[in-house]
Structure formats: structure tokens, C-alpha cells
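> Right, I'll just put the structure down here and ask away after.
The values are calculated or read from the model by the stated rules, or taken from the named source; none is laboratory data. No experiment lies behind these values; they were computed from the predicted model shown. FYI the Cβ positions are ideal-geometry reconstructions off the backbone, even for glycines, and counts take in every protein chain you see.
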Amino acid sequence: MGTKASTSSGPLAAVVILLVGLGFVGYGAYTYTSQSAALDSTETVNATVSSTSIEESPGGRRGGTDYRPQVSFNYTYEGESYSSSNLYPSGVTQSSGTKDGAESTLEGYEPGANVTAYVPTDSPGSAFLKNQRSTRPLFMMGVGGLVAVLALVSIVRNHLAAIASVVGIE
């Protein structure tokens, strides 16, 4: 009886992994689409940097630390005042494996500095400072797609093996 439970958990695990992979693909596609929409319909405004920092998070590349540059800025768009902390469009964050890399991302964004911000016309409260695409959504889609394909291959192999054992083909 215990053997039957353990063999039936294999296909269930593969289905869960398939769903996780598809989730990564979906989230990556959503983020990429949002990022593209933000980049395609922006207006530039003057903004003032209010603060910058570098957030350290353990568990980065190769077990090290990731460093995420943070910036907050204020701007006015169509007579309304706004604040934002988006360095990149759609709130996509980029991290660096070194503190120097994160510091170089913040060059020119010292507190009090007047900078150009990009305001998405359909979401004026979501301005950002770096008018460039991030490859992170594409990476998420690629990893998710690979995981989903591997899980799908496992599911198909399990089903073919089950059919073969029922038919009597070894």
C-alpha cells in the first residue's frame, strides 16, 4: 500500500512542477508586457531625488549577497504631485552581485539631484528613471518554460510507461 502511494506522488509532483513553470512563464510575460506598455507611452518630466539606498539581501548568486539599488523621487505631472521609487519601468527591480555595481546604477541620482523621470501616461503615479528594458522577465519566461517542458516530458513518460505496463509491453 505504501508503494502505491509513493508511485502516485511522482505524477502529482510533476503536475505541480508543471504548474509552477507555467506560473513563471505567465508572470514573466505579464511583467514584460507591462514593461513594454510603460516604455511605449511615456512623457518626460523633471524630478527631484529625495533619497537613495542600497538594499542587501542574502541568498544571491552563488550563495552570496545581492545588492538592489533603491531611489525615491518627487515629480509633478499635469499639475499633480507624485512620488515614486521605480528605477525601472513597471516596478521591475534589478540587482547586482556587488555593492559597487549597485552604486554605479545610482550614479547621478544623489539626493537633491534634478533628474528626468518617465511618466507612463496611463499610470502617472508609476514614473521611473531609467528608460530601458530589463531582461529579467525574459529570463523568468525562459526558466519557467524549461521547467514546464521538463515536467511535461516526465508526465508523458509516466503515462506511456503506465500504458505499456497495462498492454504488457516492457
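> Taking the criterion of being farther than 22 Å from residue 143 by Cβ and surrounded by 14 or more Cβ atoms within 10 Å (Cβ to Cβ), would at least one residue in the stretch 19-28 satisfy it? First the steps, then the outcome.
The initial filter retains those residues of the stretch 19-28 that are farther than 22 Å from residue 143 by Cβ, namely none.
No, the stretch 19-28 has no match at all.
> Looking only at the stretch 92-101, decide whether some residue is among the hydrophobic types (A, V, I, L, M, F, W, C) and more than 30 Å from residue 16 (Cβ to Cβ).
Checked against the condition, which is being among the hydrophobic types (A, V, I, L, M, F, W, C) and more than 30 Å from residue 16 (Cβ to Cβ), the stretch 92-101 yields no hits at all.
> If you don't mind, another one. Identify all residues within the stretch 8-65 that are of a type in the set (D, E, K, R) and at pLDDT below 85; write none if there are none. Steps first, answer last, please.
Taking the stretch 8-65 and keeping what is of a type in the set (D, E, K, R), we get 40, 43, 55-56, 61-62.
Residues satisfying the conditions are 40, 61, 62.
> Just to be sure I understand, how many residues within the stretch 95-150 are touching a residue at least 60 places away in the same chain (Cβ under 8 Å) and among the hydroxyl-bearing types (Ser, Thr, Tyr)?
The total comes to 7.
> Would you confirm whether any residue within the stretch 113-128 is more than 22 Å from the chain's Cα centre (by Cα), at pLDDT 85 or above and not polar (S, T, N, Q)?
Of the stretch 113-128, the ones more than 22 Å from the chain's Cα centre (by Cα) are 113-116, 121.
Keeping just the survivors that are at pLDDT 85 or above gives 113-116, 121.
Retained after the next criterion (residues that are not polar (S, T, N, Q)): 113, 115.
Yes; the residues of the stretch 113-128 include at least one that is more than 22 Å from the chain's Cα centre (by Cα), at pLDDT 85 or above and not polar (S, T, N, Q).
> For the stretch 129-168, name all the residues that are within 27 Å of the chain's Cα centre (by Cα) and of a type in the set (D, E, K, R).
130, 133, 136
> If you go through the stretch 107-131, how many residues are in a loop (DSSP other than H, G, I, E, B), touching a helix residue (DSSP H, G or I) at 6+ places or on another chain (Cβ under 8 Å), over 13 Å from residue 83 (Cα atoms) and not charged (D, E, K, R)?
1
> Another one. I'd like to verify a number: residues in the stretch 72-94 that are surrounded by fewer than 19 Cβ atoms within 10 Å (Cβ to Cβ), of a type in the set (Ser, Thr, Tyr), assigned to a strand (DSSP E or B) and in contact (Cβ under 8 Å) with a residue 24 or more places away in the chain, how many?
Residues flagged as surrounded by fewer than 19 Cβ atoms within 10 Å (Cβ to Cβ), of a type in the set (Ser, Thr, Tyr), assigned to a strand (DSSP E or B) and in contact (Cβ under 8 Å) with a residue 24 or more places away in the chain within the stretch 72-94 amount to 4.
> Can you pull out the residues in the stretch 133-170 that are surrounded by fewer than 14 Cβ atoms within 10 Å (Cβ to Cβ) and within 21 Å of residue 86 (Cβ to Cβ)?
Listed by number, the residues that qualify are 135, 139.
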